[in-house]
Amino acid sequence: MKLATALSERAELQRKISEIGTRLNHNSRVQEGEEPSEEPKLLLEELDRCVKRLEELIGAINRTNSETVHEGRTLTDLLAARDCLKLRIQIMRDFLNHASDKVSRMTHTEIKIKSTVAVAEMQKEIDALSKELRQCDELIQELNWTTELL
């Protein structure tokens with residue numbers, strides 16, 4: 001099985017487990033003399049099967065990520081780099097949006113507000129980081145589709 005397939009199955013299991021939780025809650029109580037729409041015992045058994053499979057997949061994915069090396073960096077390292085790039089870009093974009101806001105003045109006597117950074121230069125830096133993020137994400141996707149799950 002390819003890593004990408006395992007990641008897809010993991011996402012599906014996570015969705016299914018969440019759905020089972022909702023179904024369990026909907027069938028947790030009934031009016032006296034009534035039957036639940038679904039048998040909670042069967043739902044709990046299905047939940048156990050899904051959680052067990054999810055645990056197996058997560059372990060295999062983590063092992064694969066930590067043992068897959070591309071140009072001296074593990075897939076785990078690439079994932080960490082991607083996550084940190086996303087975080088940095090988001091914070092910088094928010095900051096730049098605030099720095100770019102124009103403050104209108106009604107009269108010349110009102111306090112003039114100006115940006116604390118060179119907006120155009122910072123936008124170029126964000127663009128370069130965004131390109132780096134795209135390239136990192138493309139490499140991760142390529143490795144996901146070409147790496148066998150351990």
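Where a number appears in this text, it was derived from the coordinates with a stated rule and is not lab data. None of these values were measured; they are calculated from a predicted model. Neighbour counts are summed over all protein chains in view; Cβ atoms, including those assigned to glycine, are modelled from backbone coordinates with ideal geometry.
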Per-residue ³J(HN,Hα) for the stretch 54-60, Karplus 6.51 cos²θ - 1.76 cosθ + 1.60, θ = phi - 60°, Hz, x for Gly and Pro
4, 4, 4, 5, 4, x, 5
Around His70, what is the net charge, scoring Lys/Arg as +1 and Asp/Glu as -1 over all other residues with Cβ under 11 Å from its Cβ?
-2
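About its Cα centre, what dipole magnitude does the stretch 53-150 give when the only charges are +1 on Lys and Arg Cβ and -1 on Asp and Glu Cβ, stated in debye to the nearest 20?
Details: 14 positive and 17 negative charges, 139 e Å.
For this selection, approximately 660 debye.
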Name the residues whose placed amide hydrogens come within less than 5 Å of the amide hydrogen of Lys2, ignoring near sequence neighbours (fewer than 5 apart) on the same chain.
Leu149
Can you grab the distance from the C-alpha centre of the stretch 1-40 to the C-alpha centre of the stretch 59-75, Å, no decimals?
31 Å
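Compute the signed sum of charges (Lys and Arg +1, Asp and Glu -1) over the other residues within less than 14 Å, Cβ to Cβ, of Ile20. Intermediate results must be reported in sequence, preceding the final value.
Details: positive: Arg15, Lys16, Arg23, Lys41, Arg49, Lys52, Arg53; negative: Glu12, Glu19, Glu38, Glu39, Glu45, Glu46, Asp48.
Charge balance near Ile20 sits at 0.
Of Lys2/Lys52; Lys102/Lys124; Lys86/Lys124; Lys102/Lys131, which pairs sit farther than 26 Å apart, going by alpha carbon to alpha carbon? Mind showing how you got there, number by number?
On the way: Lys2/Lys52 20 Å; Lys102/Lys124 20 Å; Lys86/Lys124 16 Å; Lys102/Lys131 28 Å.
With Cα atoms farther than 26 Å apart: Lys102/Lys131.
Taking only C-alpha pairs under 8 Å that are 6+ residues apart, what is the relative contact order of the chain in percent?
Once divided by the residue count of the chain, the mean separation gives 37 percent.
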Computed ³J(HN,Hα) along the stretch 132-139: with the Karplus parameters 6.51/-1.76/1.60, θ = phi - 60°, integer Hz and x for glycine or proline, the list is 4, 5, 4, 5, 5, 5, 5, 5
For log10 I(q)/I(0) by the Debye sum over Cα atoms at q = 0.09 Å⁻¹, with candidates [x] -0.33; [y] -0.40; [z] -0.56, the value calculated from the shown model is option [z]
